[in-house]
1. Using the 2.2 N^0.38 Å rule of thumb for compact globular proteins, work out how the stretch 99-255 stacks up: its C-alpha Rg over that value, please.
2. Give the peptides 21-27, 150-156 in descending order of average Cβ contacts within 10 Å, highest first.
3. Take each of the peptides 52-60, 278-286, average the number of other beta-carbon atoms within 10 Å over its residues, and list them starting from the highest.
4. Ignoring ligands, DNA and RNA, please state the percent of accessible area on the stretch 1-153 from carbon and sulfur, probe 1.4 Å.
5. Would you mind checking which residues have amide H under 5 Å from R206's amide H? H placed 1.01 Å from N; only 5 or more apart, or other chain.
6. How many angstrom lie between the C-alpha centres of the stretch 295-357 and the stretch 23-87?
7. Kindly provide the helix-only [θ] at 222 nm of the chain, computed as the sum of -39,500 (n - 2.57) over DSSP H runs of four or more divided by all residues, to the nearest 500 deg cm²/dmol?
8. Over the stretch 20-61, what portion of Cα pair distances is larger than 15 Å, expressed as a whole percent?
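The values are calculated or read from the model by the stated rules, or taken from the named source; none is laboratory data. Just so it is clear, the model here is predicted, and its values are computed rather than measured. Cβ placement follows ideal geometry from the backbone for every residue including glycine, while neighbour counts extend to all protein chains displayed. Each accessible area value is taken on the protein alone, full model and side chains, heavy atoms only, with ligands, DNA and RNA left out. Shrake-Rupley method; radii C 1.70, N 1.55, O 1.52, S 1.80 Å.
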Amino acid sequence: MKILFVNPWIYTSETRKIKRKKSIKDTMSFGLCSAFSEMGHDITLVEDINFKPTEEEEYNFHVLYLEPGLKGIFIPNKLPWYPQLKMHLKENHYDLLICSEAFFTSTFTCVRLYPQKTIVWQELALFQRAFFKIPAKLWYYIIVKYFYKSVRIVPRSNRAMHFIQAFSDNVSRTVIDHGVNIEEFYIADDTRKQFIIVSQLIPRKRIDKSIVAFDRFVKEYDADFRLLIIGDGEQRNELERMAQNTSCPDHIEFKGFLPHNRLVEHLAQSYALLVSTEQDNNILTINEAIASGTPVVTNMTPYMSDYIAEKGLGIAKDDWDEHDLKSLVDYYEEYRKECIAIRNHLSYHDKVLLFEEEYRENIHGDL
């Protein structure tokens with residue numbers, strides 16, 4: 001099958017000035033496209049040129065870099081527009097178009113040209129906040145409701161399903177969430193007394209709340225535990241000063257950004273991944289932790305939190321605290337067992353099989 005995966009933003013940019021990375025091999029887009037290719041499909045990733053890695057890389061799939069147009073109107077990190085996409089679609093044949101998000105001009109371009117062979121892969125479960133949510137509401141209530149009628153929409157979470165069903169009668173009951181390369185992550189034979197945070201060090205991630213809970217846990221329950229903080233960002237100096245003022249500064253270690261090949265060991269050997277974010281949809285690291293047999297302690301903000309609570313993969317609770325960390329440690333083996341039991345269902349290859357099934361049943365009869 002010849003596939004076009006239209007996912008211009010392969011990671012989040014907090015500002016208009018997008019910070020390019022050395023590699024995209026740690027991203028969901030790379031993992032999913034690689035899996036499609038390994039399973040015999042000819043796939044092309046459509047990516048904003050501002051996310052192009054700074055170093056040359058080789059992939060087993062094609063990449064089409066697009067330059068956003070009319071940047072004064074279509075803000076690159078909010079709602080970009082890609083004038084070259086329409087021409088590319090007319091000049092090239094694809095059997096399937098997989099487009100991230102209903103609220104994207106690139107998705108609308110695909111829908112207008114080829115609605116019958118487009119799958120909208122919906123992550124968002126709420127209206128975007130920009131301009132008092134007015135553009136988003138107009139888009140969903142008019143564009144999606146009336147122009148996407150024949151387009152298959154596949155949700156990435158139950159929350160996304162419930163949200164998009166208000167605007168479309170063609171929503172799949174199958175949830176295809178973000179996958180993970182389970183061959184890259186492993187189950188450790190032994191676990192160290194440590195918790196781990198893997199995140200950008202920026203305000204909305206609320207790393208400070210996790211540090212406070214850890215500090216109280218160490219004081220009240222177990223002084224042998226450590227906290228690893230992996231990632232970088234504008235708050236790093238502030239958070240390091242905060243850590244120095246806790247009761248256990250020597251037990252909190254900032255390691256900066258680590259690529260997957262250095263992250264996997266720390267993730268596999270930790271008792272739990274800690275998440276306190278106040279604004280995130282799907283967090284790839286949650287899947288990576290579960291694939292490592294590492295339970296998750298998270299608030300209810302990430303969409304994956306519902307699944308964590310349902311499957312017993314850790315603790316999903318708003319305003320979790322030191323007592324919840326103690327509970328996680330007490331029942332760690334049970335949580336870990338559940339993580340190991342479902343890890344294969346998180347693989348990118350499993351997600352490809354689900355997309356193939358959607359294609360057979362709703363796009364075309366044969367692969």
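1. Here the Cα radius of gyration is 1.45 times the empirical estimate.
2. Descending mean neighbour count gives 150-156, 21-27.
3. With the highest mean Cβ count within 10 Å placed first, the list reads 278-286, 52-60.
4. Here it works out to 56 percent.
5. For R206, whose amide H was placed from the backbone, the distant partners under 5 Å are E278.
6. Computed from Cα coordinates, the inter-centre distance equals 29 Å.
7. Value at 222 nm, helices only: -9500 deg cm²/dmol.
8. I get 39 percent for the Cα pairs in the stretch 20-61 exceeding 15 Å.
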